[in-house]
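Taking it in order: structure first as C-alpha cells, then the write-up.
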Amino acid sequence: MSTTSKPSQDELCQLFRGFIAAQNVISDAETLKPYECDGLSMYCEMPLIVVLPETVAQVQEVLRICHRYAVPVVARGAGTGLCAGAMPNAEGVVLSLAKFKNVIEINPQTRTARLQPGVRNLAISEAAAEYGLYYGPDPSSQIACTIGGNVAENSGGVHCLKYGLTVHNVLSVEMLTVEGEKVTLGSEGLDSCGLDLLALINGSEGLLGVITEIQVKLLPIPEKARVVMAGFDNVQQAGDSVGGIIASGIIPAGLEMMDSYAISAAEDFAKAGYPKEAKALLLCEVDGTAEEVQEHIEQVEKLFHSFGATSVRTSQTEAERALLWKGRKSAFPAVGRISPDYYCMDGTIPRGQLAHVLTEMQRLSEHYQLRVANVFHAGDGNLHPLILFDANIPGEFAKTEEFGGKILELCVAVGGCITGEHGVGIEKIRQMSVQFTELELLQFNAIKDAFDPVGTLNPGKGVPTLRRCQEYRSIEPKNKDMENSNNTNSNKHKEGVAHG
Amino acid sequence: MADLSADIQQQVLAARDAKQTLNIIGGGSKSFMGREAVGDRLDVSGHRGIVNYQPVELVLTARAGTPLTEIEAALAENNQMLAFEPPRFSGEATLGGTLACNQSGPGRPWTGSVRDHVLGVRLINGLGEHLKFGGQVMKNVAGYDVSRLQAGAMGSLGVITEISLKVLPKPAASRTLAWDMGAQEAITFMNQLASRPKPLSAACWLQGRLYVRLSGALSAVEATLKEWKGTELTQDQANQFWQQLGQQELPFFDTDLPLWRFSINSAASIPALDEYSLIDWGGAQRWFRGEQDKLHMESLAAAAGGQVSLYSGGDRRSEVMHTTPAVLQAIQKRIKTSFDPDGIFNPGRLYHWM
C-alpha cells in the first residue's frame with residue numbers, strides 16, 4: 001500500500017531507470033514538453049516524469065512503484081484524444097504505451113487480431129487486408145490513434161450505426177490493475193461468465209486499469225461500397241430523409257450530414273464537387289454484396305428525391321467515392337482554414353431533435369457572437385459542432401467553452417448526452433453533473449474505488465468526485481473558467497486547434 | 001402497464017431495514033439458470049409496458065417486466081426486431097430477465113448480443129436509490145457503462161426497472177442452406193463461410209447436419225444461395241429450425257441431463273465432445289449434455305480459448321459458472337458491494353461468493 005513519504009522526481013527516475021533504459025525515462029522539461037497535452041491542446045500540464053516501457057513486465061513494475069508511493073499514473077497512447085483525457089498530472093507519471101506497436105497475431109480463420117495497445121487503428125486493417133478482413137471502428141484520427149486509446153475512449157467513427165463502437169468489436173483485453181496484477185477480461189469466445197468487466201473497461205478513460213493487450217474481431221471487407229451525396233435546401237428535409245432511409249429498412253454503412261458552413265469550407269478545401277449553395281448535405285454510404293449495394297443505392301436515390309433533395313450524385317468509381325468522402329473527412333481542417341481556431345464538440349441527440357437543436361444552436365451562436373459549423377454522424381445522432389474562435393483575442397476561448405457547455409446542456413435537455421465518442425476527460429467533467437445526479441456520480445465513484453481505491457489512475461478525469469460536482473453545481477457559468485484552474489493549475493491556452 | 005418502480009423501491013428499502021435478502025423475479029422463465037435462488041421473492045412482473053418507441057430512431061424503451069412477446073409484437077408492426085433474437089421461453093421471458101441473464105439467439109455473432117444492444121438502464125441499487133445510466137442514443141461515452149454491466153449479472157447489482165435498446169429493421173429476405181457433414185468439417189466450413197463478405201446470419205451444426213442462414217437484401221441472399229449451393233430448406237422448415245434453436249426447444253434441449261454451455265474460440269475443436277454437441281454461433285457456442293466433472297469441462301473450455309457454464313440441470317448448489325481467478329473475484333466482489341453494500345440482491349445466484 002501507499003506510504004506517506006513520496007519520492008522526489010530524481011528518486012522516482014532512479015527507481016524507473018533500475019529496469020527501464022535511461023533514455024526511456026524522461027524528466028527534463030524540453031523532452032517532457034510534447035507530452036503536456038493530448039489532441040485537445042487548450043488543456044495542458046507538465047508531468048513529473050514520462051516513462052516509455054518496452055515490456056509488460058516493465059509496465060507492471062512502473063505500476064507497482066507508483067502504487068507503493070501513491071503517485072498518479074496517466075496512461076497514454078498516441079495522444080490524439082479530444083477531451084484532455086491524457087493530459088498529464090503535475091505530480092504524476094505519464095505511462096506511454098507508444099513502444100507497444102506489435103500486431104501479435106492476425107487469425108484469418110477466426111477473424112480476430114491480437115494487438116499490443118500502441119498499434120495504430122488503421123494499421124490493424126492494413127495488417128488484416130491480405131486476408132480480405134478489416135477492423136470496423138474508424139475514428140477520424142485512425143491514421144494516428146492507437147487501439148489502446150480506442151478501448152479507453154470506446155471510440156466510434158463514421159461506420160458505427162452498422163458496425164458498432166469499440167465495445168462491440170473487442171473480444172478481450174489483458175489489463176494490469178493499479179497494483180500491477182495482470183488480468184484477462186473477456187476471452188476468445190463471445191460471452192463470458194460473471195460481471196462484464198470488459199464492458200466497464202471500454203470507455204473507462206484509463207481510470208480503472210492499464211491495458212497491455214487487446215483482441216479484436218475482424219470483418220470481411222465488403223465486396224462493394226458506394227456513396228450517394230444529396231444536397232438540400234433546408235436542414236429539416238435532410239433530417240427527415242435520414243429518418244426515411246432508416247424507416248425503409250436500410251442500415252447504411254455511413255450516414256453523414258454537414259451544414260452550409262461545413263459544406264462550403266470542405267468544398268473549398270477538397271474540391272469534391274459539393275453543392276456549395278446547399279443548406280445541408282448528406283453522404284449515405286451503402287456496402288455489402290454487389291447485388292445488395294445496387295438494390296439499396298436505387299432505393300436511397302429515390303428516397304432523397306422524394307424528400308426534396310436539390311441535387312443527388314452517386315459514386316460511379318472507387319476514386320469518386322474517395323473524393324466524395326474526402327470533403328467530409330477533411331471537414332475539420334477545412335473549417336480550420338476559415339477561422340484561426342476551432343473547438344470541436346461531441347454531443348449526441350435523438351435524430352428527430354436535429355432541426356430544433358440546430359435552430360437553438362444558431363440562437364446561441366448569435367448570442368455569443370461566435371460562428372459554428374456542424375458536422376453530424378446523422379445515422380447515430382452524434383453531433384460535432386465546430387465553434388470558430390480566435391485564441392489570440394483575450395477571453396474568446398472562455399466564451400467558446402461556455403458556448404460549448406451550453407450546446408452540451410442542450411443535447412442533454414433533448415434526451416441526448418454530453419459525449420458520443422470523444423470522452424469526458426477533463427473537458428466535459430463539469431457537464432457530467434448536467435447528465436447525472438449526485439447519486440449516479442457517487443455510484444460511478446464507487447465503481448472507480450472497486451478498481452482503484454487510492455485513486456491514482458488518471459485522477460481528476462472522467463467522473464467528478466462528489467466534492468467537485470457540488471462545486472460545479474454551485475458555480476455560475478461566468479466563473480467556470482476559474483474553477484477549472486483547480487484542475488489544471490498551469491493551464492495555458494495554446495493555439496486551440498483540435499482535430500478529429 | 002403500470003409503473004411500479006416506487007413500490008419496488010419501497011420493498012428494497014424495507015428489505016434493507018429488515019436485513020432480508022431478495023430474489024428478483026420477472027416472468028420466472030429463467031429460474032433454472034444460475035445457482036439456487038434464496039431470499040424473499042421480489043416480483044417485478046407487474047412493472048411493465050413500453051415507455052417509448054421511435055421506429056425511425058431505432059430505439060425502444062420498456063419497463064423491465066415487459067414480456068418480450070409484447071415488445072416483439074410492437075416492433076413487428078414497424079417491420080423491426082430485437083436483432084439479438086432472445087429466447088422467449090413460452091412467452092414468459094421479460095426484457096429485464098433477458099438482460100440480466102444475457103440471453104441472445106442464433107444471430108449473435110453477426111448482429112450482436114443483448115449486451116451489445118443495450119443503450120441505457122434505470123435500476124434500483126441496494127440503497128434503494130433509483131438511478132439512470134446510459135440513455136436512448138446510440139453513442140454515449142459519458143460515465144462507466146453500467147448498462148452493459150447488467151448483462152449476465154443475474155440481478156446481483158440491483159433491480160433493473162427500465163431498459164433502452166437499439167432495435168433493427170427485419171431483413172428483407174432470409175433463406176437457409178444445409179449440408180451433411182461431420183462436426184470437425186462443419187467447424188472449419190462455418191469459419192470459412194464467415195470470412196466471406198456474404199449475408200451470413202446464423203450457422204449451426206447438429207447431428208451430422210450444418211444449417212446456414214442468409215439474411216439481407218433479396219438479391220444478395222439469392223445470389224449467395226446460388227454460389228454456396230447446398231440443400232435449400234423450405235421456408236417452413238427453415239423457420240421451424242431457427243425458431244426451435246433460438247427458443248431452445250429443439251429435442252436436443254429436452255433433457256434431464258446436465259446441460260453445459262461453452263463460449264469459446266469459434267474454430268477450436270473439442271474432439272471428445274464435438275460430435276455429440278450442438279454447435280451454434282458459427283462455432284463459438286457449443287452445447288453438451290451429460291454428467292461431467294465441472295473442472296474437467298473448464299479445462300476443455302480453457303484449452304479452446306473460452307469458458308463453460310452449467311446452463312441447466314446438475315447440482316445448482318455448487319458453482320455453475322466458470323471459475324473466476326482470485327484478482328477478478330476481488331474486483332467483482334467490490335463492484336457488487338458498490339451497488340449493493342448489504343448484499344440484498346440475489347445472493348449467491350451468480351457465484352457462492354457473491
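The values are calculated or read from the model by the stated rules, or taken from the named source; none is laboratory data. Note that the coordinates shown come from a computational prediction; the quantities given were computed from them, not determined experimentally. Every residue, glycine among them, receives a Cβ derived from its backbone with ideal geometry; neighbour counts consider all protein chains shown. Heavy atoms of the whole protein, side chains included, go into the accessibility calculation; ligands, DNA and RNA do not. Shrake-Rupley method; radii C 1.70, N 1.55, O 1.52, S 1.80 Å.
The charge dipole of the protein assembly as shown, taken about its Cα centre with unit charges on the Cβ atoms of Lys, Arg (+1), Asp and Glu (-1) only, comes to about 340 debye. Pairs spanning more than 27 Å between alpha-carbon atoms, out of A:K182/B:K336; A:K329/A:K428; B:K132/B:K170; A:K224/B:K170; B:K166/B:K294; A:K217/A:K428: B:K132/B:K170; B:K166/B:K294; A:K217/A:K428.
Once you order the gyration tensor axes a ≥ b ≥ c over the Cα atoms, which shape class does region B:237-354 get: rounded for a/c under 1.5, otherwise prolate or oblate by comparing a/b with b/c? Prolate, since a/c reaches 1.5 and a/b exceeds b/c. Find out how many positive minus negative residues lie around A:L323, taking Lys and Arg as positive, Asp and Glu as negative, among other residues whose Cβ is under 12 Å from that of A:L323. Summing Lys and Arg as +1 and Asp and Glu as -1 gives +3. Loop-located trypsin sites (Lys or Arg not before Pro) across region A:211-304 with a Cβ neighbour count of 15 or fewer within 10 Å are A:K271, A:K276, with loop assigned by DSSP. Of the chymotrypsin sites (Phe, Trp or Tyr not before Pro) found in region B:285-354, those that fall in a DSSP loop while having at most 15 other beta-carbon atoms within 10 Å are B:W353.
Hey, what number do you get for the protein assembly as shown at 222 nm if only DSSP H runs of n ≥ 4 count, each worth -39500 (n - 2.57), divided across all residues, to the nearest 500?
It comes out at -9500 deg cm²/dmol, rounded to the nearest 500.
Look at the stretch B:336-342: the mean tally of other chain Cβ atoms within 10 Å of its residues' Cβ atoms is 3.
Only the Cβ atoms of Lys and Arg (+1) and of Asp and Glu (-1) were treated as charged; on that basis the dipole of chain A about its Cα centre amounts to roughly 420 debye. Relative to the longest principal axis of the Cα atoms of chain B, the long axis of helix B:294-303 lies at roughly 60 degrees. Pairing chains B and A buries close to 6400 square angstrom of accessible surface in total, based on protein heavy atoms and a 1.4 angstrom probe.
For region B:149-183, accessible area lost to neighbouring protein chains reaches 40 Å² or more, against the chain alone with a 1.4 Å probe, at B:L149, B:P169. The accessible-area loss of region A:359-397 on complex formation, taken against its chain alone with a 1.4 Å probe, reaches 40 Å² or more at A:D380.
With Cα atoms defining each centre, region A:223-246 and region A:400-450 are spaced 30 Å apart in the structure.
DSSP beta bridges confined to the protein assembly as shown are antiparallel in about 90 percent of cases. In chain B, the sites counted are trypsin sites (Lys or Arg not before Pro) in DSSP loop states with at most 13 other Cβ atoms within 10 Å, and the longest stretch holding none of them, exclusive of the sites, is B:20-228. Accessible surface of the protein assembly as shown, 1.4 Å probe: 49 percent of it comes from carbon and sulfur atoms. Between the C-alpha center of region B:223-249 and that of region A:320-393 there is a gap of 47 Å.
Which of the residues in region A:337-353 show a loss of at least 40 Å² in accessible area from their chain by itself to the complete set of protein chains, at a probe of 1.4 Å? At a threshold of 40 Å² (probe 1.4 Å), the residues of region A:337-353 that become less exposed are A:R351.
The value of relative contact order for region A:103-220, using C-alpha pairs under 8 Å at least six residues apart, is 32 percent. Inter-chain Cβ neighbour count for A:437-445, averaged per residue, equals 5 (cutoff 10 Å, partner chain atoms only).
Mean separation of Cα pairs under 8 Å and 6 or more residues apart, divided by the residue count, gives region A:224-333 a relative contact order of 45 percent.
The antiparallel fraction among DSSP beta bridges confined to chain A stands at about 85%.
Peptide packing for A:413-426, A:240-253 was compared via the average number of neighbouring C-beta atoms within 10 Å per residue; ordered from the highest value, the list is A:413-426, A:240-253.
Here the contact order of region B:255-342, divided by its residue count and restricted to Cα pairs under 8 Å and six or more residues apart, works out to 33 percent.
Counting only heavy atoms of the protein chains and using a 1.4 Å probe, B:W242 has close to 20 Å² of accessible surface.
Averaged per residue, the protein assembly as shown has 35 square angstrom of accessible surface, using a 1.4 angstrom probe with ligands and nucleic acids left out. Sorting B:H117, A:H367, A:H168 by accessible area puts them as A:H367, A:H168, B:H117; the probe is 1.4 Å, largest comes first, and only protein heavy atoms count. Each of A:A238, A:L283, A:F332 was placed along the dipole of region A:224-333 (beta-carbon charges, centred on the mean Cα), and the one lying farthest toward the positive end is A:F332. Positive-end ranking of B:Q235, B:L206, B:N191 along the dipole of the protein assembly as shown, with charges on Cβ about the Cα centre, is headed by B:N191.
Calculate how many DSSP beta bridges within region B:5-169 are antiparallel, expressed in % of all such bridges and rounded to the nearest 5. Percentage antiparallel, nearest 5: 85.
By the gyration tensor of its Cα atoms, with a ≥ b ≥ c the square roots of the eigenvalues, what is the shape of chain B: rounded for a/c under 1.5, prolate for a/b over b/c, or oblate?
oblate
Taking the Cα centroid of region B:278-322 and of region B:7-74, what is the distance between the two, rounded to the nearest whole Å? Centre-to-centre (Cα) distance: 27 Å.
Let me make sure I get this right: for region B:180-247, a, b and c are the square roots of the gyration tensor eigenvalues over alpha carbons, sorted descending. Under 1.5 in a/c it's rounded, otherwise prolate if a/b > b/c, else oblate. Which is it? Intermediate values should be presented prior to the final figure.
Details: a/c = 1.68, a/b = 1.11, b/c = 1.52.
Verdict is oblate for region B:180-247.
Taking Cα centre as origin and charging only the Cβ of basic (Lys, Arg, +1) and acidic (Asp, Glu, -1) residues, the dipole magnitude of region A:337-487 rounds to 80 debye.
What do you get for GluC sites (Glu not before Pro) in region B:1-72 restricted to DSSP loop and a cutoff of at most 16 other Cβ within 10 Å of the site's Cβ? Could you put the intermediate results ahead of the total?
Working: sites: B:E36, B:E57, B:E70, B:E72; in loops: B:E36.
Of the GluC sites (Glu not before Pro), the ones in loops of region B:1-72 whose Cβ has at most 16 other Cβ atoms within 10 Å are B:E36.
Each of B:M297, B:V159, B:L42 was scored by the projection of its Cα onto the charge dipole of chain B, and the greatest displacement toward the positive side belongs to B:V159; charges sit on the C-beta of Lys, Arg, Asp and Glu.
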